[in-house]
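Undergrad: Structure incoming, see below.
The values are calculated or read from the model by the stated rules, or taken from the named source; none is laboratory data. Quick caveat: nothing in here was measured; it's all calculated off a predicted structure. In this analysis, Cβ positions are derived from the backbone assuming ideal geometry, glycine residues included, and neighbour counts consider all displayed protein chains. Surface areas here come from the heavy atoms of the whole protein model, side chains and all, with no ligands, DNA or RNA. Shrake-Rupley method; radii C 1.70, N 1.55, O 1.52, S 1.80 Å.
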Amino acid sequence: MFVLPELGYEFNALEPHIDALTMEIHHGKHHGAYVEKLNAALEKYPDLKDKKIEELLSGIKDIPEDIRQAVINNGGGHHNHALFWESMKPGSSQNVPEAVTKTFNTLEDFKAKMTEAAINRFGSGWAWLVKNGNNLEVYSTANQDSPLMEGKTPVLGLDVWEHAYYVKYLNRRPEYVEVWWNVVNWDVVNKRLNT
Ligand code: MN
């Protein structure tokens with residue numbers, strides 16, 4: 001049985017960049033619903049309920065067909081959001097990993113690449129920094145698809161579903177993406193890169 005993880009900070013902690021109402025609805029309602037629906041889907045398969053979410057997603061091809069899409073959507077939604085909350089903190093931190101500048105040249109180059117992936121994702125999805133073997137890559141996925149399903153390890157994810165920004169930024173996704181960099185928790189990015 002999966003549970004909605006605590007945010008780790010107050011709903012208003014990321015103001016003015018990400019507003020409290022967005023955080024409250026996004027965490028409680030959206031992420032909450034993914035967790036509920038994931039548990040409901042696994043109801044029929046008690047053995048799967050004790051697995052880690054990472055195992056379910058990495059082994060998505062082995063998930064029974066009748067619940068596979070539900071696990072993709074809701075298991076992906078659960079893992080993506082858990083990672084997202086952890087990836088942010090009030091005031092950010094400037095501890096940018098050497099691996100990032102080594103791969104993408106400067107921090108600004110990396111940000112530009114991830115921003116482009118975020119803005120060009122058509123419809124709902126995520127922009128990602130992932131580990132693919134020994135390499136770092138930036139790309140995007142549709143809906144709640146997790147990089148784990150294609151053998152990649154997510155390091156930093158940016159939610160570009162409208163529910164992530166519409167309350168404050170309306171249709172202005174580029175503005176949301178730009179301010180999001182102010183709340184990135186680079187300490188966590190470093191930790192993920194070193195494990
Ligand atoms: Mn979301």
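Undergrad: Semi-axes of the chain's equivalent ellipsoid from the Cα gyration tensor, sqrt of 5 times each eigenvalue, largest first, rounded to whole Å?
TA: For the chain, the ellipsoid semi-axes come out as 26, 20, 15 Å.
Undergrad: Moving on to the next point. Under 5 Å between amide hydrogens, which residues at least 5 positions from Ser124 or on another chain qualify, with H placed 1.01 Å from N in the peptide plane?
TA: Residues meeting the criterion, in which the H sits 1.01 Å from N, are Asn143.
Undergrad: Report the rotationally averaged projected area of the stretch 20-86 based on its alpha-carbon convex hull, in square nanometres.
TA: The directionally averaged projection comes out at 4.4 nm².
Undergrad: Now a separate question. How large is Rg/Rh for the stretch 98-193, to two decimals, with Cα atoms and a Kirkwood Rh?
TA: That ratio is 0.95, to two decimals.
Undergrad: Could you run the Karplus curve 6.51 cos²θ - 1.76 cosθ + 1.60 with θ = phi - 60° over the stretch 141-155 and give me ³J(HN,Hα) per residue in whole Hz, x for Gly and Pro?
TA: Karplus values, whole Hz, x for Gly and Pro: 10, 8, 6, 10, 4, 9, x, 4, 5, 10, x, 9, 9, x, 10.
Undergrad: Order of 124-136, 97-109 by packing, highest average Cβ count within 10 Å first?
TA: 124-136, 97-109
Undergrad: What part of the accessible area of the chain, given as a whole %, is carbon or sulfur when the probe is 1.4 angstrom?
TA: 50 percent
Undergrad: Using a 7 Å offset from Cα along Cα-Cβ at Leu4, what residues in the stretch 23-50 end up with backbone N under 16 Å from the label point?
TA: Once the point is set 7 Å along Cα→Cβ of Leu4, 23-40 turn out to lie under 16 Å by backbone N, inside the stretch 23-50.
Undergrad: For the stretch 98-193, report the accessible area per residue in Å² (1.4 Å probe, heavy atoms, rounded to an integer).
TA: 46 Å²
Undergrad: Taking θ = phi - 60°, what integer Hz values does the Karplus form 6.51 cos²θ - 1.76 cosθ + 1.60 yield along the stretch 165-178, in sequence order, with x for Gly and Pro?
TA: Values, residue by residue: 8, 5, 4, 9, 9, 6, 8, 8, 4, x, 5, 4, 4, 5 Hz.
Undergrad: What does the charge dipole of the chain about its Cα centre add up to, to the nearest 20 debye, if the Cβ of each Lys and Arg holds +1 and the Cβ of each Asp and Glu holds -1?
TA: Using only the charged Cβ atoms, the result is roughly 240 debye.
Undergrad: Which whole-Hz ³J(HN,Hα) couplings does the stretch 26-38 yield from phi under the Karplus relation 6.51 cos²θ - 1.76 cosθ + 1.60, θ = phi - 60°, glycine and proline marked x?
TA: Computed from phi, the couplings for the stretch 26-38 are 4, 6, x, 8, 6, 5, x, 5, 4, 5, 4, 6, 5 Hz.
Undergrad: Can you give me the distance in nm between label points at Ile119 and Glu98, each placed 7 Å from the Cα along the Cα-to-Cβ direction?
TA: 3.2 nm
Undergrad: I'd like to check one number: the per residue accessible area of the stretch 20-86, probe 1.4 Å, reported in Å² as a whole number.
TA: Accessible area per residue: 50 Å².
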